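Working notes, structure below.
The values are calculated or read from the model by the stated rules, or taken from the named source; none is laboratory data. Quantities reported herein were computed from a predicted structural model and do not represent experimental measurements. Positions of Cβ are generated from backbone atoms using ideal geometry, with glycine treated the same way; all protein chains shown enter the neighbour counts. In case anyone asks, the SASA skips ligands and DNA or RNA and just uses the protein heavy atoms, side chains included. Shrake-Rupley method; radii C 1.70, N 1.55, O 1.52, S 1.80 Å.
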Amino acid sequence: MTPENAKQLTRLRQLGEPTLHPDYWGQVLTFDPRSRLLVSMVLGSKGRLRWWDLQDELPHPRVVQPLPGGLEAVVLPDAQTIMSVTVGGQLQAWSAADGRALRSAHLGLTTSGIDLSRQGDLLLVAGVSGDLRLWDVAHWRPLRDLEPASALLYGCALSADATLAAAGAADDRGENETQGSIRIWDVATGASRGVISVQASRVWDVAFTPSGNLLAAGTSVDDIILVDVVSMKVVGTLKGPPAGAWRLSFNSDGSLLAIGADTGAFVVLRTDGGGCVHAYSDKDDQQASAAVFSPDGRFVAWGEDLAQVGVWGVDA
């Protein structure tokens, strides 16, 4: 998928049986590094962790694991293990082959986001109250806490080389007012590298480009802020969906950015100027789902209404 042909994006597959739950809030999605497994965390009190092997022709998931309070999931590089976390801070590992529970741990914090290093050895965990923790995946233990932030934290991310960590945040301004900010840390020392305030009440999510030179931040208004992580300066602003950029995902070369809106919609933007190459909505503003690129650059997956998943691509 390229900026030139992404305008021809079409839905190639629809996964999962349509189900109607009054408390369905949307989905957070992720692929394994080989773009074969697609994992969905269904959000809501009837939360479910599901995954599909995309080489199968059937729309039914390989595994469905009830997980009330489920927040997010990642896949280890060998595609044999899936890790999930709940809002209450329960970290779990599951067998990708059959869904068996392998191990679990309680993190002791209310969780707002996670991200796995490209090497699969570090898990970054953001806590709502401003805590940011590194988890040693192989030894299944906390590695270190980063310098705490005096702010609410939301989505977090590790750079490709795992030297930097970032999180979206909202700083308390009193009288029920918040100021959105982007926060960056040095992973090796745990020290804060800086705080960048933005003209929005919240920064929902952050994502590093594959090169690691730029950081994109999705705000609660229709702006995506681009930050040079060396100079810690804002170097650009892209126009995203009007309801706010809830989740961000770059394609493999950083030329496209998929954005799941804070409603039932997603868009794909060019990063060299921000032109919109694709936009779609199911007009269900009660749910907000991630839109994510597959690592091989062929697909975008997006969580639809009725708890299904659409797999989009360029039909050859």
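A few notes on this one:
- Condition check for L29: under 15 Å from the mean Cα position of the chain (by Cα) and closer than 20 Å to F266 by Cβ: yes
- Taking (1) open to solvent by 10 Å² or more (accessible area, probe 1.4 Å); (2) touching a helix residue (DSSP H, G or I) at 6+ places or on another chain (Cβ under 7 Å) in turn, P66 satisfies each apart from (2).
- Condition met for D305 (out of contact with any Pro (no Cβ under 9 Å at 6 or more places or on another chain) and acidic (D, E)): no
- One residue alone among V235, V230 is among the aliphatic types (A, V, I, L, M), part of a strand (DSSP E or B), surrounded by fewer than 19 Cβ atoms within 10 Å (Cβ to Cβ) and without any contact (Cβ under 8 Å) to a residue 40 or more places away in the chain, and that residue is V235.
- Members of the range 65-80 found to be modelled with pLDDT of 95 or more, in a loop (DSSP other than H, G, I, E, B) and within 18 Å of W140 (Cβ to Cβ), listed by number: L76, P77, Q80
- Candidates G273, G260, filtered to the one that is surrounded by fewer than 22 Cβ atoms within 10 Å (Cβ to Cβ) and either in a loop (DSSP other than H, G, I, E, B) or touching a residue at least 24 places away in the same chain (Cβ under 8 Å) (or both): G273
- Among the residues making up the range 51-62, a single one is open to solvent by less than 10 Å² (accessible area, probe 1.4 Å) and either part of a loop (DSSP other than H, G, I, E, B) or closer than 28 Å to T110 by Cβ (or both): W51.
- Those residues of the range 276-305 which are small (G, A, S) and not in a strand (DSSP E or B), in sequence order: A288, S289, A290, S294, G297
- Residue match in the range 24-42 (condition: more than 25 Å from L256 (Cβ to Cβ) and in a strand (DSSP E or B)): yes
- Flag for R247 being closer than 17 Å to A170 by Cα, open to solvent by 30 Å² or more (accessible area, probe 1.4 Å), among the basic types (K, R) and modelled with pLDDT of 90 or more: no
- Per-region count, the range 81-92, residues free of Cβ contacts under 8 Å to residues at least 40 places away in the same chain, farther than 15 Å from R141 by Cα and in a strand (DSSP E or B): 2
- Selected residue [open to solvent by 50 Å² or more (accessible area, probe 1.4 Å) and closer than 22 Å to Q287 by Cα] from R48, R13: R13
- Scanning the range 57-84 for residues that are under 27 Å from Q119 (Cα atoms) and among the charged types (D, E, K, R) returns R62, E72, D78.
- Inter-residue pairs, beta-carbon under 8 Å, first within 16 Å of N213 (Cβ to Cβ) and in the range 158-174, second open to solvent by 20 Å² or more (accessible area, probe 1.4 Å) and among the hydroxyl-bearing types (S, T, Y), 6+ apart: A160/S211
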